[in-house]
Amino acid sequence: MKAIGFNQPRAIEDVHALEDIQLDLPAPGPRDLLVAVQAVSVNPIDTKLRQRPLEQPGYRVLGFDAAGVVEAVGAEVENFQAGDRVWYAGAVQRQGSNAQHQCVDERLVAKKPDSLGMQEAAALPLTALTAWEALEDQLGFQPGECEGKNLLVIGGAGGVGSIAIQLAAHHFGLKVIATAGRETSANWCQSLGAHHMVDYRKPLLPQLEAIGCPQIDGIFITQNLDDYWATACQAVAPFGGICAIVDARAPLDLNPLKAKSARFSWEFMFTRAMFATDMQRQGNILTQLSTLVDQGKIQSTVSEGLGTINAANLKEAHRRLESGSTIGKLVLAGWE
């Protein structure tokens, strides 16, 4: 089968950073689905893993967003059959979706929304799971119980920010404030449901006061954690929470949170699959998300399609992500 992989860490400018390769068709395990991948998206974790040394020889296949069709199922699969049209993010410790076929545990998978094509569907799984887990598991928000509560999204126009805004506003019922720097980014966030925009190039606290939100119940940091830490500690409300999905460059001082009884937590979408905890929760979240999409409450965050799935187009997607200026999600679909 065709796939795109790499066999050692390289800068994206290197001609061998990502390569078109041939691999054997994988055999599904007892709980696995064998999926014919039809569309994929790219995420920052792809660019980070591409630059890390491999733990074993051979080619590593990245890709943690996919939509496709089930071709075969393992002996113990209960909820899917051949022909099902599905979407998923998968597991970081296994080969990814940048291949014509991929094996993925059924508990991490759901049937994709009927109202979305494969390309539009592939933009959502990883970022939606990340945002949903951050809002519900880490920050403690519950749909229908958020009246009078607010959320600040640091990095509103990115892939995770774009779906976090929608879920927070249209599913959880939160008042959403998002950061952006460019007018195009601010317009994008507002089109997704952000109630207020603040300019990250200026001090945030005066802007939050000006819009009547001096204290924030939940702060979701999707980028530049160190740069926003002090501000987040000042802005978070008593008994509120701060959640981050990006590494800190230096140790964080948690002491400012004590007086407020505020909490800090990490969100890493791959934890459930890595440690084989309640993996089915991710399939359940994607099933709920599929319903929300088909009800018109959530829209795809795809901003641009970059063509078919091949090394050249994936390299362009990685290059754009590394530039730090993308809005929404970049998607590739189909095979030559």
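Readers should treat all values here as calculations from the given coordinates under stated rules, not as data from a laboratory. All figures in this text were calculated on a predicted structure; none of them were measured in a lab. Cβ coordinates were reconstructed from backbone atoms using ideal geometry, including for glycine residues, and neighbour counts include every protein chain displayed.
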Quiz item: In percent, what relative contact order does the chain have, based on Cα pairs under 8 Å that are 6 or more apart in sequence?
Solution: 20
Quiz item: By the gyration tensor of its Cα atoms, with a ≥ b ≥ c the square roots of the eigenvalues, what is the shape of the stretch 127-266: rounded for a/c under 1.5, prolate for a/b over b/c, or oblate?
Solution: rounded
Quiz prompt | Karplus-derived HN-Hα couplings along the stretch 112-123 (A = 6.51, B = -1.76, C = 1.60, θ = phi - 60°), whole Hz, x at Gly and Pro | solution = 6, x, 5, 7, 10, x, 4, 5, 5, 5, 5, 6
Quiz prompt | Which of GLN81, MET1, TYR59, positive extreme of dipole for the stretch 1-153 (C-beta unit charges) | solution = TYR59
Quiz prompt | Cut-off 11 Å between beta-carbons: net charge of the residues surrounding CYS213, Lys and Arg +1, Asp and Glu -1 | solution = 0
Quiz item: Farthest toward the dipole's positive end in the stretch 296-336, which of TRP335, ALA311, SER300, given Cβ charges of +1 (Lys, Arg) and -1 (Asp, Glu) about the Cα centre?
Solution: SER300
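What does the charge count near TYR88 come to, summing +1 for each Lys or Arg and -1 for each Asp or Glu among other residues with Cβ under 12 Å from its Cβ? Let's see the in-between values first.
On the way: positive: ARG85, ARG94, ARG107, LYS111, LYS112; negative: ASP32, ASP65, ASP84, ASP105, GLU106.
Here the count lands on 0.
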Quiz prompt | Gain on full stretching of the segment that runs from THR184 to GLU19 - 0.36 nm per residue minus C-alpha separation | solution = 56.1 nm
Exercise. Run the dipole for the stretch 169-313 about the Cα centre, Lys and Arg Cβ at +1, Asp and Glu Cβ at -1, nothing else charged, and hand back the magnitude in debye, nearest 20.
Key: 220
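When the chain is fully extended, how far beyond the present Cα-Cα distance does MET274 get from ASN79, taking 0.36 nm per residue of separation? Show your work: numbers first, answer last.
Numbers: separation 195, 0.36 × 195 = 70.20 nm, distance 2.15 nm.
Full extension of this stretch gives 68.0 nm more.
What does the highest-first list of 131-137, 78-84, 226-232 look like by mean Cβ count within 10 Å?
Details: 131-137: 23.0, 78-84: 12.6, 226-232: 17.6.
Those peptides, ordered most packed to least, come out 131-137, 226-232, 78-84.
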Quiz item: Here are some values of Cα extents along the principal axes in Å: (1) 62, 44, 36; (2) 91, 43, 41; (3) 57, 43, 35. Which one was computed from this structure?
Solution: (3)
Quiz item: With a sphere of radius 12 Å drawn around the Cβ of LEU116, what net charge do the other residues whose Cβ falls strictly inside it have (Lys, Arg +1; Asp, Glu -1)?
Solution: 0
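How would you rank LEU321, LEU257, LEU151, going from fewest to most other Cβ atoms within 10 Å of each one's own Cβ? Don't jump to the answer; show the numbers that get you there.
Values: LEU321 22, LEU257 18, LEU151 30.
Fewest-to-most Cβ neighbours within 10 Å comes out as LEU257, LEU321, LEU151.
Kindly put ILE45, ILE4 in sequence by how many other C-beta atoms sit within 10 Å of each C-beta, fewest to most. List each step's numbers first, then the result.
Details: ILE45 19, ILE4 24.
In order of increasing Cβ crowding within 10 Å: ILE45, ILE4.
Students often get this wrong, so check it: of LYS149/LYS315; LYS175/LYS202; LYS258/LYS329; LYS111/LYS329; LYS202/LYS258; LYS48/LYS175, which have C-alpha atoms separated by over 29 Å? Numbers along the way, then the final one.
Numbers: LYS149/LYS315 41 Å; LYS175/LYS202 21 Å; LYS258/LYS329 37 Å; LYS111/LYS329 20 Å; LYS202/LYS258 27 Å; LYS48/LYS175 32 Å.
Pairs exceeding the cut-off: LYS149/LYS315; LYS258/LYS329; LYS48/LYS175.
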